[in-house]
Amino acid sequence: MKIFADSGSDLPKEFFTENNVELFTLRVDLNNQQYDDILDIDPKVVYDAMREGAVPKTSQVSPEIFLNKFETLAKNDEEGIYIAFSSNLSGTYNTAVMIASQVRENYPNLKLKIIDTKCASLGHGLLVLEAVRLRDEGLPYEEIAQKITHMAEHMTQLFTVENLSYLAAGGRLSKSSAFIGGLLSIKPILHVEDGKLIPLEKIRGRKKAINRIIELMAERGGDFANKIVGISHGDDLEFAKEVQALIEDKLHPKAFEITMIGSSIGAHAGPGTIAIFFTDKDY
């Protein structure tokens, strides 16, 4: 069985090779050059360019790549699951569905499930990690698709960004809901609802914003004893570690996954972003 994921999952390059997961790369356009996310460009390069005032653009996975992979899957009579980046943040999912239906015209036996996770970054990445675990346990692919869909519906995603203007510039947040405080210390807390970024609250100061996020985690997540918490950061590992220590102290989760937010999401969220992911208490 093949597991496909795209670079919106913010898992490191070596994860894909070590776990036999096929990577679909979104593309990043920086200073008029195009790169394949993860493969050709390090996110740090993107963050440094943004700090210098560059405005990177991103584009979805190329349709030809989907076509090649899905046709190969059908020809080899293999089963596959593609765990896709939120359809409300990228056109990638819809393109994959369109290409899969084209492939089915020639190969009606294509065994492929495409899941719109409505998740981003490590919220998406945690689903891929779980799919790998279930595959290695030997579960049938329909059952894995069902379990991952269920988990995606219960994934909570909380963010705070250093600077909302990046999200507004990239069209990932409407300018009106960017409610950019004239005071630089206003830190917004956002969450992902139905795959879209929605501002929740604005808090003065980064530390206070994180403490508020931990309160929200306790409300939404309940008991963390069996939960993995994902933390992704916009090129600020030191702060991500501080956040980890605070969460550890208050909620004692089973484990943490920490990753740098990759280029395709970082290009919109900007340096200094911190995002936290976990399954809700009803999961």
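The values are calculated or read from the model by the stated rules, or taken from the named source; none is laboratory data. Being a predicted model, the structure only gives us computed values, none of them experimental. Here Cβ is always computed from backbone atoms with ideal geometry, including for glycine, and neighbour counts include all displayed protein chains. What goes into the accessible areas is simple: the full protein's heavy atoms, side chains included, and nothing from ligands, DNA or RNA. Shrake-Rupley method; radii C 1.70, N 1.55, O 1.52, S 1.80 Å.
Some observations on this one:
- The Cα-based radius of gyration and maximum Cα-Cα distance (Dmax) for the range 187-283 are 12.9, 34 Å.
- The chain, accessible area per residue, ligands and nucleic acids excluded (1.4 Å, Å²): 44 Å²
- Kirkwood radius and radius of gyration were both taken over the C-alpha atoms of the chain, and their ratio Rg/Rh is 0.97.
- Where both bridge residues fall in the chain, DSSP classifies roughly 55% of the beta bridges as antiparallel.
- Percentage relative contact order, the chain, counting C-alpha pairs under 8 Å, at least six apart: 23 percent
- Distance from the range 19-45 to the range 190-239 (C-alpha centre basis), Å: 26 Å
- Inter-label distance for GLN33 and ALA245, nm, one decimal - labels placed 7 Å from Cα along Cα-to-Cβ: 3.8 nm
- Contour excess over end-to-end distance, with Cα ends at LYS44 and ASN88 and 0.36 nm allotted per residue: 13.3 nm
- Hydrophobic long helices, here whole DSSP H runs in the chain with Kyte-Doolittle means of at least 0.0 and Cα atoms spread over 15 Å or more along the helix axis, are found at 121-136, 237-251.
- Calculated FRET value between LEU139 and SER59, using beta carbons and R₀ = 35 Å, to 0.05: 0.55
- Stretchable slack from LYS111 to ALA225, in nm (0.36 nm times residue separation minus alpha-carbon distance): 37.4 nm
- Helical mean residue ellipticity (222 nm; -39500 (n - 2.57) per DSSP H run of 4+; nearest 500) of the chain: -12500 deg cm²/dmol
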